[in-house]
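Chemist: Have a look at this one.
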Amino acid sequence: MSVSVAKQGHVRGAAGNSLVHDEVIYQETRDMRLLGFALFLVSDVVLFSAFIFAYLYLRNTVDTWPPVVDGKQLPRLDVAFAAVNSCVLFGSGVTMHTALENWKHGKKAAFNIWIWATIVLGTLFLCGQGYEYAHAQIGGWSGSIFGASFFTLTGMHGFHVLVGVIYLIVLFLQTRKGVYDETHYFGLTAGTLYWHFVDVIWVALFFLFYLF
Amino acid sequence: MAVVSTTTTTVAPHAVLDHIHPEPTSFVRRYIFSIDHKVIGIQYMITGLLFFVLAGLLAELIRIQLLHNDARFMSPEVYNGVYTMHGSAMVWMVIIPLVTGGFGNFVMPLQIGARDVAFPWLNLASFWMFPIAGVLLFGAFLVGAPDAGWTEYPPVSLQGPVGTNYWCVAIFLIGISSTLTGINFIVTILKMRAPGMTLTRMPLFVWAQLSTAALSMIATTALAAALLALFLERVFGIPFYDPTKGGSPILWQHMFWFYSHPAVYIMILPAFGIISEVLPTFARKPIFGYKMIAFSSVAIALVGFMVWAHHMFTSGLAPWLQLPFMILTMIVAIPTGIKIFSWMATLWGGSIELTPAMLFAIGFLITFTFGGITGVFLAAIPVDLHAHGTYFVVGHFHYVLYGGSVFGIFAGLYYWWPKITGRMMNERVGLWHFWLTFISFNCTFLPMHWLGLQGMPRRVATYLDSHDAVFWNQVASISSFVLAASTLLLFGNMAWSFYKGKRAGANPWGARTLEWMISSPPPYYNYKRVPAVLATPYDFGNPLPYIGLDSPEGTLPTPQLTAPPAPAPR
């Protein structure tokens, strides 16, 4: 086990026989936050997994997919547009990674450019998603189990992207206020992790809705 | 594993405890919006016990209705709402918050030698979601209570009154609270243990909390998804569950039980932990099979994820799927049996002291084992096809949830009350409480087994007009009134003790886990100096395995023998 709060204290250790801790400070350490944040992401993965299970379960109850609703065969989703939009999101993962690397190396100007690139790409993805919602011919959210699972899952993902964009803007403002420095930047790590998480979820959704 | 760091670090002069995290002085910051795990734990207990009274009164309404089979006390519609709310409140507003938020928060950080949980502010947020959720849930009565049972199976739940939406939101909220508490506890247990406290030196209650936290962190968001879909379908007509729109009611059952079966273990594992603390203390013996008890908690948590469909044997599950679920369900009995036998071996030859806490722990062994065995019956598909949806099931789960979880909560209350308040409860009243509870509990729920086997269905406002059915229902009802009355003894005892009880001192039971090494109630910082831990806490008869303790009388430089020595082997 790595360093924990209780172990940061003053220890007169193995040499002497008294393992007495004089002062131990209460504080959240970086690895506590990292573990906590990772666990949060795990529970979020379960949320998506449950809906993905629901989608696959419902899909399994009908003979053809997309399903036939009121005697009408629903069309498949437009793969080409979604593929381009996916690239926008995956690209934003690269820019976010670059932003964090620049921060670690103290290149603040480059960090500012790359985090704004991420924010813009994320917003672009959301706009693309909105365009797709407006043009999807699958009978709307409440029209069928196709619409229900597609709009709920991608909507939940979109909501996560929206939260991510807002979080990145907050992080940028925090860096302006000097909350983080080159060695203490947990918020940026969390933001990057979150952004990659949103990317990975999209990989699964893109496969399940457009390719599968 | 590097247990104790041997490097000597110099603490910066400004890093004095009180400077970083001073004890708040205002009433609101100290008792209402406190970030101290002990205060939050007590808040959970008070709120949980309040809902326990409300949900218990609902249970009494059910029993008043079933005194006669003419459905004249309540209309069937009202009755549906009452049992739905009783079940929902007991599971989500009483047992889960009490065993995780209540005892987990108060006891666990003390037992691992930590000053607080990993994320105190998150803890504060988790707690405050709980009363809000509870008020929302009970608020459903004002607009029409949900009436499809605590499981809220569609399509009935889709047609239920507006209160069903309140139910969704309330359970969603308490689910988020439970998830966040789970995350908080895992990080606390993995990262904040006192030096020298390896995983296999943790008290068993901490092991139980670790397994429970993993369950609530992973499973609860699956329930959140199911609830979100139900809410969307009810409010916006998004088809997930309605078969007329292509949805599937069975989908809800899968998603619901994927959470709600692990939830059974969320409710019982902490009670296992409490029992594992109480038994060795009052038997004055090391716990038997420490590692097996610890690892069986983890095994139960793991297998608990793979048994959910045993609730669905009558739902048209594919036969090839039923068999593995039956076998896996029966496998749960193995780690549970390991625990039961280890506890019995702990009692064997011990110098047993029958305090109320110990009596409830022993009562737990009897009633929980009984409920566990009927659970194995129900796991067998042929039996389940016959007994599903009858009072046999009601009897079964009240034996594990009341005879298990609630008895565990009672044992924990008697055991840690001196630590929480610094005062002792009246032992004689406690004994009365136990015996009245134990006898009336069995008289209430035992008849349900044969009523169920004779075919009395659950969730129906009336029953067959036969001499037998009326007689046994009246026995159950009258006993349930005694059961409710006996609980008043506990509350009276608590109130009396709070003002008049004898001062407890640091360690009234002669227990050996870390929380008993500091004054009662514990100081704001728990440990001025965090002790080093040399061994498991249960070796009665040996010196305490702690170095550098900060005892109420002053720092103890050397291990002290605070517990009376173990009796000589016979």
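Read the figures in this text as sums done on the coordinates, not as results from a lab. Fair warning: this is a prediction, and the values are worked out from it, not measured in the lab. Because the Cβ atoms are built from the backbone with ideal geometry, glycine has one as well, and the counts that use them run over all protein chains shown.
Chemist: What does the average come to when, for each residue of peptide B:188-201, you count the partner chain Cβ atoms lying within 10 Å of its Cβ?
Modeler: 4
Chemist: For helix B:391-400, report the angle its Cα long axis makes with the longest principal axis of the Cα atoms of chain B; keep it between 0 and 90° and round to the nearest 10°.
Modeler: With both axes taken from Cα atoms, the answer is about 10 degrees.
Chemist: Rounded to a whole number, what is D in µm²/s for region B:234-338 from Stokes-Einstein with the Kirkwood radius over alpha-carbon pairs (4 °C, 1.567 mPa s)?
Modeler: 80 µm²/s
Chemist: Under a point spin-label approximation (7 Å from Cα along Cα-to-Cβ), what is the residue A:159-residue B:292 distance to one decimal in nm?
Modeler: 4.7 nm
Chemist: Tell me the angle of helix B:319-347 to the major Cα principal axis of chain B, expressed in degrees between 0 and 90 and rounded to the nearest ten.
Modeler: 40 degrees
Chemist: For chain B, compute the orientation-averaged projected area of the C-alpha convex hull (one quarter of its surface), in nm².
Modeler: Spelled out: convex hull of the Cα atoms, projected over all directions, averaged, 27.5 nm².
Chemist: How much space per residue, in cubic angstrom, does the convex hull of the C-alpha atoms of the protein assembly as shown take up?
Modeler: 172 Å³
Chemist: Taking only pairs that are 8 or more places apart or on different chains, how many Lys pairs in chain A have Cα atoms under 29 angstrom apart?
Modeler: Close lysine pairs found across chain A: 4.
Chemist: With unit charges on the beta carbons (Lys and Arg positive, Asp and Glu negative) and the dipole taken about the Cα centre of region A:60-212, which residue among A:62, A:148, A:173 sits farthest to the positive side?
Modeler: Of A:62, A:148, A:173, it is A:173.
Chemist: Counting only C-alpha contacts under 8 Å and six or more residues apart, can you give the relative contact order of region B:35-556 as a whole percent?
Modeler: Value for region B:35-556: 17 percent.
Chemist: Another one. Rounded to the nearest 500, what is the 222 nm mean residue ellipticity of the protein assembly as shown from helices alone, with -39500 (n - 2.57) per DSSP H run of 4+ residues and division by all residues?
Modeler: About -21500 deg cm²/dmol.
Chemist: Measure up B:291/B:419; B:419/B:500; B:291/B:339; B:191/B:419 against 20 Å on the Cα-Cα distance and list the ones that go over.
Modeler: Over 20 Å Cα-Cα: B:291/B:419; B:191/B:419.
Chemist: Please say if region A:29-211 is rounded, prolate or oblate, where rounded means a/c under 1.5 for a ≥ b ≥ c the square roots of the C-alpha gyration tensor eigenvalues, and otherwise the choice is prolate for a/b larger than b/c and oblate otherwise?
Modeler: The shape class here is prolate.
Chemist: Amide H neighbours of residue B:423 under 5 Å, counting only residues 5+ apart in sequence or on other chains, H built in-plane at 1.01 Å?
Modeler: B:504
Chemist: Where the centroid of each part is defined by its Cα atoms, how far is region B:402-449 from region B:453-485 in Å?
Modeler: Value for the Cα centre distance between the two parts: 24 Å.
Chemist: On to the next question. Return the FRET efficiency for the residue pair residue B:156, residue A:30: r is the Cβ-Cβ distance, R0 is 51 Å, and the value is rounded to the nearest 0.05.
Modeler: With a Förster radius of 51 Å, E is 0.55.
Chemist: Quick one: putting +1 on the C-beta of Lys and Arg, -1 on the C-beta of Asp and Glu, what dipole do you get for chain B around its Cα centre, in Debye to the nearest 20?
Modeler: 1220 debye
Chemist: Tilt of helix B:290-304 relative to the longest C-alpha principal axis of chain B, in degrees (0 to 90, nearest 10)?
Modeler: Once rounded, the angle reads 30 degrees.
Chemist: Next question. Enter the mean number of other protein chain beta carbons within 10 Å of the beta carbon of each residue in A:33-39, as an integer.
Modeler: The per-residue average across the peptide is 5.
Chemist: How many partner chain Cβ atoms sit within 10 Å of a residue's Cβ in peptide B:523-530, on average, as a whole number?
Modeler: 3
Chemist: To continue, here is another question. Measure off 7 Å from each Cα along the Cα-to-Cβ vector at residue A:87 and residue B:73, then give the distance between these two points in nanometres to one decimal.
Modeler: Between residue A:87 and residue B:73, the simple spin-label model gives 7.0 nm.
Chemist: While we're here: Which aspartates and glutamates have a Cα lying under 13 Å from the Cα of residue B:38, excluding residues fewer than 8 positions away in the same chain?
Modeler: Correct list for residue B:38: B:23, B:116, B:515.
Chemist: Shifting gears a bit: Kindly rank B:275-287, A:51-63, B:246-258, A:85-97 from highest to lowest mean number of other beta carbons found within 10 Å of each residue.
Modeler: Going from most to least packed, we get B:275-287, B:246-258, A:85-97, A:51-63.
Chemist: Another question, then. When the Cα centres of region A:116-137 and region B:193-231 are compared, how far apart do they sit, in Å?
Modeler: 37 Å
Chemist: What number, in percent, do you get for the relative contact order of chain A if the mean sequence gap of Cα pairs under 8 Å and at least 6 apart is divided by its residue count?
Modeler: 22 percent
Chemist: Hey, another quick one. So, in nm, how far is label residue B:333 from label residue B:60 when the simple model puts each one 7 Å beyond its Cα toward the Cβ?
Modeler: 3.7 nm
Chemist: Another question about this same structure. Sort B:212, B:314 so that the residue with the fewest other Cβ atoms within 10 Å of its own Cβ comes first and the one with the most comes last.
Modeler: B:314, B:212
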